[in-house]
Amino acid sequence: MKENIRSATLKNDNVSNVWDDVLAGVVVFLVALPLCIGIALASNAPPLAGVVAGIVAGLIVGPLSGAQVTISGPAAGLTAVVAAEISAIGSFEGLLVAVALAGVIQIALGILRGGFIKSFVPASVVRGLLSAIGVILILKQIPHLFGHDTDPEGEMSFFQPDRQNTFSELLEILGDLHPGSIVVGFASLAIIYLWGRIAFLKRTSVPAPLVVVLFGVVCSLCFDRIGGTWIIGTTHKVNVPVPETIRGFFGLLQNPDFSQLMNPAVSSAAFAIAIVGSLQALLTLEAVDRLDREKRSTSPNRELVAQGIGNIVSGMAGGLPMTCEIVRSSVNIDAGARTKKSAILHGALLAISVVLLPRAINLIPLSALAAILIATGLKLASPQVVAELWRAGRYQFIPWFVTLLAIVLTDPLIGILIGLAVSIIFILWSNLRRPMRLVVDQYLGEDVTRIELASQVSFLNRAALRKTFDNIEPGKHLLVDAHDTVYIDPDILSLIKEYRDVIGPARGVYVSTRGFRDKYAIEDRIAFVDFSSKELQERMKPEEALKYLLAGNQRFRNERRLKRDFSRQVVATASSQHPMAVVLSDIDSRIPAEIIFDLGLGDIVSVRVAGNIVTPEVLGSIEFGCVGAGSKLIAVVGHNRCVAVESAIDFMQEKQAPDLDKCEYVKSIIKSLESVVRENRSKSLQSVNNRGSESVVEADIVVRQNVQRSVNEIVQKSEAIRNLIDAGHVGIIGMVYDVSTGVCHVMKETAHGLGAIQSNDTQSQ
């Protein structure tokens, strides 16, 4: 039954996906057709050349590409290149040869894995491209919305073929208003707006752009009956060449002139088209992957091969060069496309429309298509993007803004290159200013200024590193850490060696190095002590040991644990140990003393027993740590949510777990804790009545009382330790560790031999 349901669900999903792709393909086709023609006109090429490129892009590149929602075709970014190369070669037929050769070059780039360039484009530039395309769509389509259609559809450069620019064209609208186009345009915008906000319309499977196109055609036919200035003429509609027969259509196409094959201008044009088209394809691919609802990743190398094959076919068939096209791809995604079926369908519809249905296509008003593109532009240039990038900081915002501005004021390709240049400058500037991170580490012996070198340290960082060296005061310890470094410039290596061996010692600075690769010939050399040595132990006071434990706990909580070379510590402590403290703690897996106090090898004697109780064996271990090993502090560490304490409470209430009931040795630990529970039970329960969960609160109260008892027992039962405390050689303190926050609270009332305790409020109770 479940399998049948799952099968039916998958079948319905597949049907839904196909339907979404069909509708998206229709919408993209309606938008792509005038764009293909407009780009051809802007390139000084035959109108059908753009349509041929669109057909090939859909039917050939669509199946071959790994991209699921990307639409290819003639692109605005290539118009300037195509126009210039036609002029240089002297004929459009010669350009077709260059287009085919460009395809061969793109295939070679794909095979040689040239798509890696995609990975080096900063996110800020990609987002700048998307935002800029949105702004351009809005600015370029506003004239068409008002019926001012002198600039061809698909033309996206700032300086237009009609000698206007993007902004001056807006002023020209005032002298060329068309009432029919205005009504269709603004009504179409209203339809798109309402379609996304009215619930029953939103639930329909029909996309708003398709409704807009049909509405525009109906309005155009109605205005033809009204007559007068309301008539939407051919200059305000899609204008597809109308061949009388299918043979007539093919007669309009031009063939490549292979006699131009050895023309140097053809070779130059091929390389220009291949490089520009490939770069635009990779950048568009990155941008579309960001827009894709399913966040799929497309192989750039496969895309280059697919684009190459498409350009070979397009050039042979009389079409313009093609690439991944951001406008049509955005419309495709916005229309609900799921797979490449929409791209293939749009190519098929382009072929059918220009061969069989040109007159029907020519009924579509440009203002209706303008409304669709403006709606797409508003989504791409969303104010939320601006706010998000502003919050991200200047290193993201400025490259994004420069990319947007440059694309709007030039053309997409030039704008992207400017954006990339600005991003590189910011990267270099950031690396120049921050080739390292300065951290002051509090080791047992000394405070050490640690320089963490960045992953890439170039000669540009020399001045910043030298300035850092000059600021180190005499008598201080300096550690140059290269653990995370991938590359270090030879100039930097020379500076580090010189400072370590000559300049630093001359200035009284103790210079240490570690983490350098063998090829750099800078061996690990540590001039400070990062573990408890004999000299440190002898001069350490109990108060200092406590202070260091608390500082380590703070580092642990703040994720600032010291970087230790444990291999070196193994060698250094192999012959002897000189711990600064003995820590008696519970066996709970959540409270390893060396970690919660951020300690290294040889720093403490760790005594662990369930319930941190004091048995003869435990007391003997503590005596060994203080008398035998010279520790200056005894820290008894309990913790909340203590299983041993909770078990003791349950035992007195006859609620112990059946498994524990069979453990004879566990019972001995529980019985040791029973006296604390019994002695203070009534007092604890009085507090519980006003504080919530009885079992939890009582357990936490008993934990503190148990720590107090353990401290007292150590002092009272061990004469040796008591004598050390009285002599001021050893101190003892109780602590409670919070397993939920990582804070180790000091119980000041348990202190012996420590004088005034200096600690943070968050760590003292």
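List of remarks:
- Enumeration of residues in segment 299-320 that are over 20 Å from Val31 (Cβ atoms) and surrounded by 21 or more Cβ atoms within 10 Å (Cβ to Cβ): Pro300, Glu303, Leu304, Val305, Ala306, Gln307, Gly308, Asn311, Val313, Gly315, Ala317, Gly318
- Condition met for Gly147 (more than 28 Å from Phe401 (Cβ to Cβ), assigned by TED's automatic domain parsing to the domain that holds Gly415 and of a type in the set (Gly, Ala, Ser)): yes
- Residue-level check: of (1) closer than 28 Å to Ala208 by Cβ; (2) in a loop (DSSP other than H, G, I, E, B), Pro321 misses just (1).
- Flag if Gly415 is over 27 Å from the mean Cα position of the chain (by Cα) and crowded, with 16+ Cβ neighbours inside 10 Å: no
- Residue match in segment 324-340 (condition: within 17 Å of Phe116 (Cα to Cα), surrounded by 20 or more Cβ atoms within 10 Å (Cβ to Cβ) and in contact (Cβ under 8 Å) with a residue 24 or more places away in the chain): yes
- Filtering segment 127-156 to residues that are under 12 Å from Gly38 (Cβ atoms), of a type outside the set (D, E, K, R) and not in a helix (DSSP H, G or I) leaves Thr150, Pro152, Gly154, Met156.
- Flag if Ile587 is of a type in the set (Val, Ile, Thr) and in contact (Cβ under 8 Å) with a residue 60 or more places away in the chain: no
- Selection within segment 236-280 - modelled with pLDDT under 90 and among the small types (Gly, Ala, Ser): Gly248, Gly251
- Residue match in segment 189-199 (condition: among the small types (Gly, Ala, Ser), more than 14 Å from Leu363 (Cα to Cα) and at pLDDT 90 or above): yes
- Residue within segment 288-311 that is assigned to a helix (DSSP H, G or I), out of contact with any Phe, Trp or Tyr (no Cβ under 8 Å at 6 or more places or on another chain) and under 24 Å from His144 (Cβ atoms) present: yes
Residue-by-condition table, conditions (1) among the hydrophobic types (A, V, I, L, M, F, W, C); (2) more than 44 Å from the chain's Cα centre (by Cα); (3) in a helix (DSSP H, G or I); (4) surrounded by fewer than 19 Cβ atoms within 10 Å (Cβ to Cβ):
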| residue | (1), (2), (3), (4) |
| --- | --- |
| Asp224 | no, yes, yes, yes |
| Val240 | yes, yes, no, no |
| Asn255 | no, yes, no, yes |
| Ser259 | no, yes, yes, yes |
| Met262 | yes, yes, no, yes |
| Phe271 | yes, no, yes, yes |
| Ile275 | yes, no, yes, yes |
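- Of the helices (runs of 4 or more DSSP H) lying entirely inside segment 1-111, those carrying at least 3 residues that are farther than 30 Å from Ala360 by Cβ, modelled with pLDDT of 95 or more and in the same structural domain as Met322 (by TED's automatic domain parsing) are 92-111.
The values are calculated or read from the model by the stated rules, or taken from the named source; none is laboratory data. For clarity, every value in this text was computed on a predicted model and none was experimentally measured. As a convention, Cβ positions derive from the backbone with ideal geometry for all residues, glycine included, and neighbour counts pool all protein chains shown.
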